[in-house]
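Colleague: Would you mind keeping the following structure in view while I ask a few things?
We did not get these values from a lab; they are worked out from the coordinates using the rules stated. None of these values were measured; they are calculated from a predicted model. Heads up, the Cβs are rebuilt from the backbone with ideal geometry, glycines too, and the neighbour counts pull from every protein chain shown.
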Amino acid sequence: MSKGIAIQTILLLLVGIIVVAVLIYFVYSYISNPTLSATDCRARLISYCMTCMNVKWSGSIHFPENLNACTDVLKETYGLVLDTTDANGCSNNAYECCIVGVVGNGNSC
């Protein structure tokens, strides 16, 4: 007489497959849409400010693309509104923004 697979084994296998599918979904959704923390965004702003300071606030450095993703986070957390349309790069607006952003007064720049 041949023995078959028990129904309990089949149900446990299905539950295992469902759990693995849910875990894969959460990992994929996290990787495909990563969120930046306020600390990461502030670090990016400080890095941009240091670059501008090194070139003495000339217009040769343009607003970095990686900081564009931080505009909403910096606004929500610190109340800091970045002007990403500044074509002059490290201009007077960037200087004011860096002073406010690094010090953390929470004003617009």
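Colleague: Note the full-extension length gain between residue 20 and residue 75 as 0.36 nm times their separation in residues minus their Cα-Cα distance, in nm to one decimal.
Modeller: 16.1 nm
Colleague: While we're looking at this one, here's another question. Taking R0 as 25 Å, what FRET efficiency do you get between residue 11 and residue 31 from their Cβ-Cβ distance, rounded to the nearest 0.05?
Modeller: Efficiency, from the Cβ-Cβ distance: 0.20.
Colleague: Okay, moving on. Would you mind calculating the gained length between residue 39 and residue 3 on full extension (0.36 nm times residue separation, minus the Cα-Cα distance), in nm to one decimal?
Modeller: 7.0 nm
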